[in-house]
Amino acid sequence: MSHLPIAGAPAGSVGYPSGSGWVTNELFVKWLEHFIGFAKPTVDNKVTLLLDGHASHKTLEVVELCRENGVVLICVPPHTTHQMQPLDKTVYGPMKKNYNEQCDCWMLKNPAQRITMFEQGALFGAAFVKTAGMQKAVNGFEKTVLLTQMYSVMRTSCHVKLQMRHNLCQQETLMNRKISLCLSAQQPLIQMLLLPRMLMIGWY
């Protein structure tokens, strides 16, 4: 593939062609390998990767590659990325705005021309530099419900375990009481049944 379509893109960018224009299983594996090379996770120093539920994100090859390299996959439920994906909260909106502004400027400078794939890399690169920042990433996690949901799940899980343990203790106590009451009610009968045996033992 020619590198012209990604000329001017952010440093370290890679590009791969797709016949349909959509991501495929093979392309996502290549992207994941690029991500691993950039993030440098290890089995002892894992990183978390948030994804939507697209089929290409959940293949066996992807799962094994992540497991071998210390990448923890988290797939958000369908139709919830607008609430649970940090990028949707603070990055994608400004990114689209800045990219459109770059396109508008290019078209003003190049009247009667249209943007082709050979200009998109530089236009995106300029918008990305203007948009990307650590604070936006931090704000994305603060505004998303992802961390709140994870905390809620952990808290619910602990509550359920404690409740189950409490219920088991209650059941055990109730069972002991029933056994105690049953033995108390049958005590005379037990004595009557044991008395002949005691007499017979004493006789012999």
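The values are calculated or read from the model by the stated rules, or taken from the named source; none is laboratory data. Note that the structure is a prediction, hence the values are computed from the model and not measured. With ideal geometry, Cβ positions are generated from the backbone for all residues, glycine too; neighbour counts draw on all protein chains shown.
Quick check: is even one residue across the range 42-53 polar (S, T, N, Q) and within 14 Å of the chain's Cα centre (by Cα)? Looking through the range 42-53, at least one residue is polar (S, T, N, Q) and within 14 Å of the chain's Cα centre (by Cα).
As a summary of the residue check, Ala39 satisfies the conditions (1) under 18 Å from the mean Cα position of the chain (by Cα); (2) among the aliphatic types (A, V, I, L, M); (3) in the same structural domain as Gly140 (by TED's automatic domain parsing) except for the one numbered (3).
If you check Val23, Val47, Val29, Val62 for being surrounded by 14 or more Cβ atoms within 10 Å (Cβ to Cβ) and either under 29 Å from Ile115 (Cα atoms) or in contact (Cβ under 8 Å) with a residue 40 or more places away in the chain (or both), only one passes: Val23.
The set of residues in the range 83-130 being at pLDDT below 90, polar (S, T, N, Q) and either crowded, with 19+ Cβ neighbours inside 10 Å or assigned to a loop (DSSP other than H, G, I, E, B) (or both) consists of Gln85, Thr90.
Checked against the criteria, Pro41 counts as surrounded by 16 or more Cβ atoms within 10 Å (Cβ to Cβ) and part of a loop (DSSP other than H, G, I, E, B).
Residues in the range 55-82 that are part of a loop (DSSP other than H, G, I, E, B), within 24 Å of Phe141 (Cα to Cα) and at pLDDT 90 or above: 2 in all. From the list Asn100, Asn25, Asn45, the lone residue that is assigned by TED's automatic domain parsing to the domain that holds Ala137 and over 23 Å from Glu142 (Cβ atoms) is Asn100.
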